[in-house]
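Scroll down for the structure; my scribbles are underneath it.
The values are calculated or read from the model by the stated rules, or taken from the named source; none is laboratory data. Fair warning: this is a prediction, and the values are worked out from it, not measured in the lab. When we count neighbours, we look across all protein chains shown, and the Cβ atoms used for this are built from the backbone with ideal geometry, even at glycine.
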Ligand code: ATP
């Protein structure tokens, strides 16, 4: 960034953006931290368009771009696993850096000189592709870091260092479920929406799925989920990966997400025969994510068969009325009658469907 406002000896690029630059990758967003109080420093500028007092952040409009600047701060996890309490706004940069998740995310770069500030040997860890937490209580403070570690491991091809791996294993044997499931969900969505099979394999092998709840899953998919999702794209990829977890509702689900889970469970309790009609009727109206989940956990091709069926019949209730048939429960039986034919003969024309209707009411 060339604007002079952003060249300041106390202003640093921080976290992911510095890591990504060292890795030669594009960053999703640019985080800036001011060593000191960012509101005192930038709050009165005409470029300042927003101030957030409790968090000590400002938003500037510079050269047409919105830029957020945080104040250096420390955090306390009074209630482990929940949102930390912010304190000591304007502290030394080092303290701001030490509250972070992994050493690779704890680097700062001066906006003035371009110098990298590395208190935690993060540059070396990037070189040796290593994910290391900053202190032994890191996962206890915030278990969502385990999922963040998974995301970074797969995204960058990194591994946890031995000590961090042991800390993770120990935590997963003694999970404190009094945690913020809202934050856990956010990290799980980000991680699984990447649609990478490797994420899933690590999630299972390292038993990270235990974070969602203490009940042991009965049916963990043993299937190439990545390929299935590429072939049948869905909005909620993450639920295709983990919707089978018996405690999935520990994560605060939206109504749409809950429907996916309900649909999936209904499919599990349905005896689905292999004929076209039974397949069509069983999967009709179910969310695509639920059908994929069923495919994965039941190792069943019936859902895939459903995707290939054409059950759109052209005849409507109005057509039946025009034929002089008064509306009654018989209408839906007639539609089913036409549907059965349509499913085995998708080229059926509208006229042929009408003939079937006439035949039905004869
Ligand atoms: P991404 O590229 O996925 O956005 P990021 O590292 O930029 O990755 P953000 O979630 O944007 O991730 O977080 C920005 C920075 O904030 C991180 O680089 C890290 O320093 C810090 N951070 C984020 N989440 C946590 C956490 N749970 N615990 C500690 N520090 C965190």
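With the requirement that a residue be crowded, with 17+ Cβ neighbours inside 10 Å and not in a loop (DSSP other than H, G, I, E, B), what does region 342-359 give you? First the steps, then the outcome.
Quick first cut of region 342-359, residues crowded, with 17+ Cβ neighbours inside 10 Å only: 342-343, 348, 353-354, 356-357.
Within region 342-359, 342, 343, 353, 354, 356, 357 qualify.
In region 226-258, how many residues are part of a helix (DSSP H, G or I), within 17 Å of the chain's Cα centre (by Cα) and without any contact (Cβ under 8 Å) to a residue 40 or more places away in the chain?
Adding up the residues that qualify gives 8.
Within region 182-208, work out how many residues are more than 12 Å from residue 238 (Cα to Cα) and either within 14 Å of the ligand (Cβ to nearest atom) or surrounded by 20 or more Cβ atoms within 10 Å (Cβ to Cβ) (or both).
Within region 182-208, the first condition is being more than 12 Å from residue 238 (Cα to Cα), and the residues that meet it are 182-184, 198, 201-208.
When the remaining residues are screened for being either within 14 Å of the ligand (Cβ to nearest atom) or surrounded by 20 or more Cβ atoms within 10 Å (Cβ to Cβ) (or both), the result is 182-184, 203, 208.
Matching residues across region 182-208 total 5.
Taking the condition more than 15 Å from the chain's Cα centre (by Cα), modelled with pLDDT of 95 or more and part of a helix (DSSP H, G or I), does residue 164 pass? Can you show your working first?
Values: more than 15 Å from the chain's Cα centre (by Cα): yes; modelled with pLDDT of 95 or more: yes; part of a helix (DSSP H, G or I): yes.
Yes, satisfied.
Check residue 74 against each of (1) within 16 Å of the ligand (Cβ to nearest atom); (2) touching a residue at least 60 places away in the same chain (Cβ under 8 Å); (3) surrounded by fewer than 18 Cβ atoms within 10 Å (Cβ to Cβ) and name the one condition it does not meet.
(2)
A quick yes/no check of all residues on (1) modelled with pLDDT of 95 or more; (2) over 21 Å from residue 188 (Cβ atoms):
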{"site": "260", "(1), (2)": "yes, no"}
{"site": "266", "(1), (2)": "yes, yes"}
{"site": "297", "(1), (2)": "no, no"}
{"site": "319", "(1), (2)": "no, yes"}
{"site": "322", "(1), (2)": "no, yes"}
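What tally of residues in region 118-161 results from selecting those that are more than 12 Å from the ligand (Cβ to nearest atom), surrounded by fewer than 17 Cβ atoms within 10 Å (Cβ to Cβ) and part of a helix (DSSP H, G or I)?
Summing the residues that are more than 12 Å from the ligand (Cβ to nearest atom), surrounded by fewer than 17 Cβ atoms within 10 Å (Cβ to Cβ) and part of a helix (DSSP H, G or I) in region 118-161 gives 3.
Consider residue 97 carefully, then state whether it is in a helix (DSSP H, G or I), within 15 Å of the ligand (Cβ to nearest atom) and closer than 30 Å to residue 200 by Cβ.
Details: in a helix (DSSP H, G or I): yes; within 15 Å of the ligand (Cβ to nearest atom): yes; closer than 30 Å to residue 200 by Cβ: no.
No; evaluated as a whole, the condition is false for this residue.
Looking only at region 18-51, which residues are outside any loop (DSSP other than H, G, I, E, B), within 16 Å of the ligand (Cβ to nearest atom) and surrounded by fewer than 20 Cβ atoms within 10 Å (Cβ to Cβ)? Quick ask: steps written out before the conclusion?
Going through region 18-51, the residues outside any loop (DSSP other than H, G, I, E, B) turn out to be 18-23, 32-34, 38-42, 48-51.
Subset that is within 16 Å of the ligand (Cβ to nearest atom): 18-23, 32-34, 38.
Hits for region 18-51 are 20, 21, 22, 23.
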